[in-house]
Amino acid sequence: MNSVFLTDKGKVRPHNEDNGGIFKNQHGDLLVIVADGMGGHRAGDVASEMTSNQLRDFWENNERINTPEEAEKWMMEHVVKVNEALFKHAHDNPHCNGMGTTLVVALCTSNFTTVGHIGDSRCYLLNDTGFSQLTEDHSLVNELVRSGQITKEDAEHHPRKNVLLRALGTEEDIKLDIKTIILEEDDILLLCSDGLSNKISEDEFTSTLQSDLSLSEKAHAFIDLANEHGGEDNITLSIIEYTSEYESR
């Protein structure tokens, strides 16, 4: 399993409110996190950093996970704990009022991968059948598309494109979407914030992931493309390529 994580503040934002990383536990399994923070004066980076750090700490001290059921239970329980911590922090610190973060997280073992998300950060899969989006944005615009009120083309330039219906830390109770998939050798997962997904076409995603570049070069190519297309937002991504051996770089 080869992997890379990369984040960039983009060309417009004064600082980076995204966070995340790739974390290996004592059993060699990976937890991959992308969190896109929001709300308050510099509170977005507080929310995304707290989320990443707490999930990392939970993961690195975790017992081995053997089944999809165990993975989904672990993910739900610990994301709920993080949500409680974020909500309390915002309540106790007025300058963080309204803070929250999106989250897309992948728990990767040699036998299966469990993906959870809340908000509009995404997880994509490239395999023998093509390039596909595994997650559904929890956004106003996506609900309008789902209900047939607007088209996907309308959604790309909708004035309320960034309005989220769910986020981590903004409410006491949360709903996390979770699914488990079986991946084959040479399959590729891509997790990213909307600073990338809003700027890259499916053809650009596919061609870059299928190129002969190294994983690190592919990640940098995505950052460069997003910045070339405006770079108005922070840009964060992680790529995981399934092979016969683990190798994080």
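The values are calculated or read from the model by the stated rules, or taken from the named source; none is laboratory data. Bear in mind the structure is a predicted one, so any value in this text is a computation, not a measurement. Positions of Cβ are backbone-derived with ideal geometry, glycine not excepted, and every protein chain shown enters the neighbour counts. Side chains included, ligands, DNA and RNA excluded: accessible areas come from the protein's heavy atoms. Shrake-Rupley method; radii C 1.70, N 1.55, O 1.52, S 1.80 Å.
Does region 85-102 contain at least one residue that is within 20 Å of residue 165 (Cβ to Cβ), within 18 Å of the chain's Cα centre (by Cα) and in a helix (DSSP H, G or I)? Yes. Scan region 121-168 for residues that are assigned to a loop (DSSP other than H, G, I, E, B), aliphatic (A, V, I, L, M) and free of Cβ contacts under 8 Å to residues at least 12 places away in the same chain and jot them down. Scanning region 121-168 gives a single hit, 150.
Residues are listed down the side, and each one gets a yes or a no for (1) among the aromatic types (Phe, Trp, Tyr); (2) closer than 18 Å to residue 118 by Cα; (3) touching a residue at least 40 places away in the same chain (Cβ under 8 Å):
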{"position": "44", "(1), (2), (3)": "no, yes, yes"}
{"position": "55", "(1), (2), (3)": "no, yes, yes"}
{"position": "61", "(1), (2), (3)": "no, no, no"}
{"position": "66", "(1), (2), (3)": "no, no, no"}
{"position": "69", "(1), (2), (3)": "no, no, no"}
{"position": "73", "(1), (2), (3)": "no, yes, no"}
{"position": "78", "(1), (2), (3)": "no, yes, no"}
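Here 28, 20, 37, 44 are screened, and the one residue that is over 13 Å from the mean Cα position of the chain (by Cα) and buried (at least 22 other Cβ atoms within 10 Å of the Cβ) is 44.
From the list 63, 72, pick out the single residue that is farther than 19 Å from residue 237 by Cα, assigned to a loop (DSSP other than H, G, I, E, B) and either in contact with a strand residue (DSSP E or B) (Cβ under 7 Å, 6 or more places away or on another chain) or at pLDDT below 95 (or both).
On the way: 72 fails: assigned to a loop (DSSP other than H, G, I, E, B).
Unique residue meeting the criteria: 63.
Against the definition (among the small types (Gly, Ala, Ser) and at pLDDT below 95), how does residue 201 come out, yes or no? Let's see the steps before the verdict.
Details: among the small types (Gly, Ala, Ser): yes; at pLDDT below 95: yes.
Yes.
Considering only residues in region 100-132 that are under 14 Å from residue 187 (Cα atoms), open to solvent by less than 10 Å² (accessible area, probe 1.4 Å) and β-branched (Val, Ile, Thr), the one that is modelled with the lowest pLDDT turns out to be 109.
Screening residue 31 against (1) in contact with a strand residue (DSSP E or B) (Cβ under 6 Å, 6 or more places away or on another chain); (2) outside any strand (DSSP E or B); (3) within 28 Å of residue 182 (Cβ to Cβ) leaves a single unmet condition, (2).
Residues in region 169-182 that are outside any strand (DSSP E or B) and of a type in the set (D, E, K, R) were compared, and the one that is nearest to the chain's Cα centre (by Cα) is 175. One residue stands out in region 183-215 among those that are in a helix (DSSP H, G or I) and more than 17 Å from residue 122 (Cβ to Cβ): the one that is least open to solvent (accessible area, probe 1.4 Å), namely 215. Total residues in region 216-249 satisfying the condition of being under 21 Å from residue 9 (Cα atoms), charged (D, E, K, R) and not in a loop (DSSP other than H, G, I, E, B): the figure is 4. Scanning region 170-187 for residues that are modelled with pLDDT of 95 or more and of a type outside the set (Val, Ile, Thr) yields a count of 4.
What do you reckon, is residue 80 out of contact with any strand residue (DSSP E or B) (no Cβ under 6 Å at 6 or more places or on another chain), under 29 Å from residue 111 (Cβ atoms) and β-branched (Val, Ile, Thr)? Against the criterion (out of contact with any strand residue (DSSP E or B) (no Cβ under 6 Å at 6 or more places or on another chain), under 29 Å from residue 111 (Cβ atoms) and β-branched (Val, Ile, Thr)), residue 80 qualifies.
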